[in-house]
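See structure below.
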Amino acid sequence: MPRLTVAIAACTVAIPFVLPAQREPFAVPAWAFPFAAPLSPAPRPDSVLLHSVPGSSVRFTMKQVQNGFDIPDWFPRQHAPMPPSVQYGVRPDGRACGYCHLPDGQGRPENGTLAGLPVEYAVRQVRAFRDGTRVSASPVAATGPMHTVAKGVTDEQVREAAVYYARIRPTRRNVIREVRQVPTTRIAGLLYAYDGNDTEPIAGRLIEVPETLERHDLRDPWVPYITYVPEGSIARGKRLAMRGPTGAATACTTCHGPRLLGVGDVPPIAGRSPSNMLRQLINFRTRARRDSTALPMYAVSDAMSIDDMVAVSAYVGSLVPAARRSPTR
């Protein structure tokens, strides 16, 4: 069996790597990359009315909530003090890491979970955004805010944030529901939101929505997310994760560990946002992600259909990411 040698941190790791004879045609589904153009001009955020979220004693105006250079922190006692790169960022382009990924690094469906990521892996991903070897397969835009941020911060600031987030245990924020009919939704920014009381066929899609859009917009780190997938997805995803689409060499557990909690500098994936996980599989398949850490994923993604990707994303998202005491709010 061929083996791919990948340099990770200060060591070199040999990973089983199956070279596909020929890649099947693959169409990127637009529904996997929700995008709604912002209002033009965008309304100015209110600077008077104070908002709250369940369990928090602090209050913020919407202007404070939307400040990317001094981020709102609803639960400051639930994590260590944030370093400047996470709380304030670097003007004018290096928006604070915690603005999108939140102070506790749990992230949101539009972006990745940073909590618990190995430091070197996180550093390499920012470098990939910076040099253009990690883009998006989105039919709307190949680049996004991270490409601007990555060019606006120094290597030292990136590592500072990576070390901070690596020390935080991730928590699962979503519930997976297997359905034939999914509640009707609308695109709200870069994610879906409930829209009325009707339903429609799930039709092979993966739809992740916040329980309440208001809490999501307030950047509440504890808002629950509901992920709708076709019936049978979790069982199918488990088989693929354990056995691989083309055998053990392409099984998720081969590189990410038996519980998908990561091995060394190979990142943990258990309990991550299913919609974000799905987009990354599509990005690997289309080569939108093409830095050195992406190479082992090509044999996996090339052998998967979109239905396989939905199933694996649902299964991975259903897992417990790490043991953690109940939060004190």
*If you check 211, 231, which single one turns out to be among the acidic types (Asp, Glu) and within 20 Å of the chain's Cα centre (by Cα)?*
211
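Would you please name the residue that is modelled with the lowest pLDDT, looking only at residues in segment 315-329 that are of a type outside the set (Phe, Trp, Tyr) and within 16 Å of residue 256 (Cα to Cα)?
322
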*Give the number of residues within segment 195-208 that are in contact with a Pro (Cβ under 6 Å, 6 or more places away or on another chain) and without any contact (Cβ under 8 Å) to a residue 24 or more places away in the chain.*
1
*Which residue out of 275, 301 is free of Cβ contacts under 8 Å to residues at least 60 places away in the same chain and crowded, with 19+ Cβ neighbours inside 10 Å?*
301
*Got a sec? Which of 112, 98 is open to solvent by less than 50 Å² (accessible area, probe 1.4 Å) and assigned to a loop (DSSP other than H, G, I, E, B)?*
112
*Top-ranked residue in segment 152-189 [being part of a helix (DSSP H, G or I) and in contact with a strand residue (DSSP E or B) (Cβ under 8 Å, 6 or more places away or on another chain); ranked as most open to solvent (accessible area, probe 1.4 Å)]*: 157
*Of residues in segment 224-247 being in a helix (DSSP H, G or I) and charged (D, E, K, R), the one most open to solvent (accessible area, probe 1.4 Å)*: 243
*Which one of these does residue 282 not meet: (1) out of contact with any Gly (no Cβ under 9 Å at 6 or more places or on another chain); (2) outside any helix (DSSP H, G or I)?*
(2)
*Among the residues of segment 55-100, how many are polar (S, T, N, Q) and touching a strand residue (DSSP E or B) at 6+ places or on another chain (Cβ under 7 Å)?*
1
*Name the pairs whose Cβ atoms lie under 7 Å apart, with the first residue in segment 136-150 and over 13 Å from residue 111 (Cα atoms) and open to solvent by 70 Å² or more (accessible area, probe 1.4 Å), the second modelled with pLDDT of 95 or more and part of a helix (DSSP H, G or I), and 6 or more positions between them or separate chains?*
139/30
*Among residues belonging to segment 248-272 that are touching a residue at least 40 places away in the same chain (Cβ under 8 Å), in a loop (DSSP other than H, G, I, E, B) and on the phi < 0 side of the Ramachandran plot, point out the one that is surrounded by the most Cβ atoms within 10 Å (Cβ to Cβ).*
272
*So which pairs qualify, if the first residue must be in segment 209-225 and under 19 Å from residue 112 (Cβ atoms), the second must be open to solvent by less than 20 Å² (accessible area, probe 1.4 Å) and in a helix (DSSP H, G or I), the Cβ gap must be under 8 Å, and the two must be at least 6 apart or on different chains?*
210/216; 219/65; 223/216
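The values are calculated or read from the model by the stated rules, or taken from the named source; none is laboratory data. No experiment lies behind these values; they were computed from the predicted model shown. No Cβ is skipped: glycine too gets one built from the backbone with ideal geometry, and neighbour counts run over all protein chains shown. We work out accessible area using only protein heavy atoms, side chains counted, and drop any ligands, DNA or RNA first. Shrake-Rupley method; radii C 1.70, N 1.55, O 1.52, S 1.80 Å.
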